[in-house]
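Down below is the structure, laid out as structure tokens.
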Amino acid sequence: MLAILIALATSLTIALFGTPLFVRFLKSRSYGQYIREDGPTTHLVKRGTPTMGGIVIIGATVIGYTLANILTQRGPNASGILLLGLMVGLGLIGFLDDFAKIRNERSLGLTPMAKIIGQGVVGIAFAVAALQFKNELNRTPGSMRISIVRDTEINLAFAGVAIGVILFVIWANFLITAWSNAVNLTDGLDGLAAGAASIAFAAYTILTIWQSYQSCLSVVNPAAGCYDVRDPRDLAIICAAIVGACLGFLWHNTSPAAIFMGDTGSLALGGAFAGVSILTQTQFLAVLIGGLFVIIVMSNVIQVGSFKTTGKRVFKMAPLHHHFELKGWKEVTIVVRFWLIQALLAAGGMGLFYAEWLAQQ
């Protein structure tokens, strides 16, 4: 527990006091956000606001995790290194996208295909590595079983290990791409994505702490309902570090934002969320814990699908938060209410997680 608290406090402190320094650096280089012209007109005043704040979130998370391990004299485990690698890798893709926008002085960065290829390269490396690094009990960080609250009987290796590996890589990449793009879509209002992410990762911090204390791998005769997750303590430390980093960043990202996280932050956070869901064997439970991100994505899907099939729009503008902006809601009102929705959904996910454990007793 001490390592978790150290990671949280360290990342919070770094993000809280490091973000203003990073803002000054970005302003000195004129690295500002370019606003899409087809978005709400109220956003045009945000043009030039420093972006790529995700660098602070990623840096604070990595430092928080590293310092927690050093001060508690514990070594990093495979799951932790893989999760941080996924977060940093997707953050790099986001950075290239953000930098392209700044260099080209427009709101479009990497082409969609270039971004998908980049996400694919990082995702494949993560997925393949997640099936390696067996511990003394022959457990790997990833599992070839589909999971809800824990692994189910649905095994991707039903036709052999080789087929299982291929299907797992495809499935993991789908989750990574879906969640990273979902957080990216949510990052449309000041503080919305950072606040929602802090809530989602706070839920996962509690979940992984519980998995750590109820681990099948740490006792000789495990109790009913124990969890077969390889490194839950490492995952808890990283989730806590992400919470601290998001909260520290949020201090400067709330309306009016002094800095945006950019694709650097949104892709990194979305990738980390997908990675946590895979490594904790809670792939479908994540849909509820990260429910706001799902709602935002679905609003986009509904809008596009409706327009292509009927020629009519369901919302005034997609994603959903822009719909409420055009209805006259204040930005702060939308953000706070969406945070509340995310908190309720995350609480529901945790309730379902605990109820499933009780049912095993």
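The values are calculated or read from the model by the stated rules, or taken from the named source; none is laboratory data. These figures come from a predicted structure and were not determined experimentally. Quick reminder, even Gly has a Cβ in these numbers, built from the backbone with ideal geometry, and neighbours come from all protein chains shown. Only protein heavy atoms, including side chains, enter the accessible area calculation; ligands, DNA and RNA are left aside. Shrake-Rupley method; radii C 1.70, N 1.55, O 1.52, S 1.80 Å.
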If packing is taken as the average number of other Cβ atoms within 10 Å across a peptide's residues, how do 306-315, 289-298, 20-29, 122-131 rank, most packed first? 289-298, 122-131, 20-29, 306-315
Need one word for region 153-259: rounded, prolate or oblate. Basis is the Cα gyration tensor (sqrt eigenvalues a ≥ b ≥ c); a/c below 1.5 gives rounded, then a/b vs b/c decides. oblate
How do the peptides 191-202, 82-93 rank, highest first, by the average count of neighbouring beta carbon atoms within 10 Å per residue? 191-202, 82-93
In whole percent, how big is the carbon plus sulfur part of the accessible area of region 201-284, probe 1.4 Å, protein atoms only? 64 percent
Would you mind listing how long the chain runs along its three principal axes, going by Cα atoms, in whole Å with the largest first? 62, 52, 35
Summing -39500 (n - 2.57) over every DSSP H run of at least 4 residues in the chain and dividing by its residue count gives a helix-only mean residue ellipticity at 222 nm, to the nearest 500 deg cm²/dmol, of -23000 deg cm²/dmol
Seen from all sides and averaged, what is the projected area of the convex hull of the Cα atoms in region 75-166, in nm²? 8.4 nm²
Using a 1.4 angstrom probe on heavy atoms only, work out the carbon and sulfur share of the accessible area of region 82-160 in %. 67 percent
Calculate, for Gln73 and Tyr354, the FRET efficiency according to 1/(1 + (r/R0)^6) with r their C-beta to C-beta distance and R0 25 Å; round to the nearest 0.05. 0.20
Residue-normalised value, i.e. accessible area per residue, for the chain at 1.4 Å probe, in Å², stands at 44 Å²
Angle, helix 331-360 long axis vs. longest principal axis of the chain, Cα atoms, 0 to 90°, nearest 10? 10 degrees
Using only Cα atoms and rounding to the nearest 10 degrees, what angle (0 to 90) does helix 262-279 make with the longest principal axis of the chain? 20 degrees
Sorted on mean Cβ neighbours within 10 Å (highest first), peptides 336-347, 53-64 come out as 53-64, 336-347
Can you figure out the FRET efficiency of Phe284 with Leu21, using R₀ = 41 Å and their beta-carbon distance, to the nearest 0.05? 0.50
The alpha-carbon center of region 228-257 and that of region 168-224 are separated, in whole Å, by 11 Å
Enumerate the residues in region 45-77 having an amide nitrogen under 20 Å from the point lying 7 Å beyond the Cα of Ser255 toward its Cβ. 45-51
When each of Lys27/Lys312; Lys27/Lys327; Lys27/Lys308; Lys27/Lys115 is checked by Cα-Cα distance, pairs over 30 Å: Lys27/Lys312; Lys27/Lys327; Lys27/Lys308
The chain, relative contact order [Cα under 8 Å, separation at least 6], %: 27 percent
Using only the alpha-carbon atoms, how far is helix 192-213 inclined from the longest principal axis of the chain? Give it as 0 to 90 degrees, nearest 10. 10 degrees
Most mobile of Ala241, Ala268, Ala68 in a GNM of the chain (Cα contacts under 10 Å): Ala68
Plugging the Cβ-Cβ distance of Phe307 and Ser30 into 1/(1 + (r/R0)^6) at R0 = 25 Å yields, to the nearest 0.05, a FRET efficiency of 0.10
